[in-house]
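A.B. asks: Take a look at the following structure, please.
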Amino acid sequence: MKRDVIIALDLPSEEAAWAFLEPFQALEEKPFVKVGMELFYAAGPDFVRAVKAEGYRVFLDLKLHDIPNTVAGAVRSLKDLGVDMLTLHASGGREMFFRAREALKGMENPPILLGVTVLTSFSDATRREAMLGESHSVEDTVLHLAELALQGGGDGIVSSAKEAAYLREMIAKPFPLVCPGIRPKGTEAGDQKRVVTPEDARKIGVDYIVVGRPITKAEDPLESYLSIRREFLGGDQ
């Protein structure tokens, strides 16, 4: 599987997103971008269509989580956007993933369905606060949720890179592993609690890293993106 860096467009408006992307327009290969809740709710599905039309690959990170019928309906509503990846919360269970998979039937190029496990902003303290279990470690919670998603027909997993090696060890079959919470050396972690560097993520065996503020808030976002990509891809460029 080809590794890549996904830029998190955690921006407040369509105008801000296009202004940010302007320097990237000159690249022969457009970067992979993440459209999350903030931007999707502000700019809507037409923005996603426009970004796809410009040649960007899109990771639509809406973390769908509801009763299976409702999630299946949401997936059907999103089918015509042509996104490359779509997230569901793994805690929604196997049936939710089964129904989401059914909703994609007939698509020529369906998105990669990703199960979101434990958010990278969670520490042991916040995990306990959210009632994810006193007796289970973050690693075991991530593994359990990852297995639910994959058993239900999910294609891949979203987790912190801190748990990536454990997932690779414990789950025999190959699957795409997408890891946010990536911070180059010397940058602030912000609200992320479980972070690693791009180089470490590559060594662990992560397929895609999601990077936001170290690129979007950089003085030169394009150069920051290219630098992080070189660090993550190593000799695979």
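The values are calculated or read from the model by the stated rules, or taken from the named source; none is laboratory data. Please read these numbers as outputs of a predicted model, since none were measured by experiment. All Cβ positions, glycine included, derive from the backbone under ideal geometry; neighbour counts span all protein chains shown. Just the protein is used for accessible areas: all its heavy atoms, side chains included, with ligands, DNA and RNA removed. Shrake-Rupley method; radii C 1.70, N 1.55, O 1.52, S 1.80 Å.
A.B. asks: Could you tell me whether residue 88 is touching a strand residue (DSSP E or B) at 6+ places or on another chain (Cβ under 6 Å), among the aliphatic types (A, V, I, L, M) and either under 12 Å from residue 152 (Cβ atoms) or at pLDDT 95 or above (or both)?
C.D. replies: yes
A.B. asks: Which one of the conditions (1) modelled with pLDDT under 95; (2) assigned to a helix (DSSP H, G or I) does residue 184 fail to meet, given that it meets all the rest?
C.D. replies: (2) is the only condition that residue 184 fails.
A.B. asks: Name the residue that is modelled with the highest pLDDT, counting only residues in region 164-178 that are open to solvent by less than 10 Å² (accessible area, probe 1.4 Å) and more than 18 Å from residue 111 (Cβ to Cβ).
C.D. replies: This residue is 167.
A.B. asks: I'd like to check which helices (runs of 4 or more DSSP H) are fully inside region 91-157 and have at least 3 residues that are under 23 Å from residue 75 (Cβ atoms) and modelled with pLDDT of 95 or more.
C.D. replies: Answer list for region 91-157: 94-103, 138-151.
A.B. asks: Which pairs do you get when a residue that is more than 17 Å from residue 61 (Cβ to Cβ) and open to solvent by less than 80 Å² (accessible area, probe 1.4 Å), found in region 1-15, comes within reach of a residue that is hydroxyl-bearing (Ser, Thr, Tyr) and in a strand (DSSP E or B), reach meaning Cβ atoms under 7 angstrom, with the pair 6+ apart or on two chains?
C.D. replies: From residues that are more than 17 Å from residue 61 (Cβ to Cβ) and open to solvent by less than 80 Å² (accessible area, probe 1.4 Å), the pairs are 3/208.
A.B. asks: Scan 233, 222, 226 and give me the residue that is touching a Lys or Arg at 6+ places or on another chain (Cβ under 8 Å), among the hydrophobic types (A, V, I, L, M, F, W, C) and modelled with pLDDT of 90 or more.
C.D. replies: Sole residue among the options that is touching a Lys or Arg at 6+ places or on another chain (Cβ under 8 Å), among the hydrophobic types (A, V, I, L, M, F, W, C) and modelled with pLDDT of 90 or more: 233.
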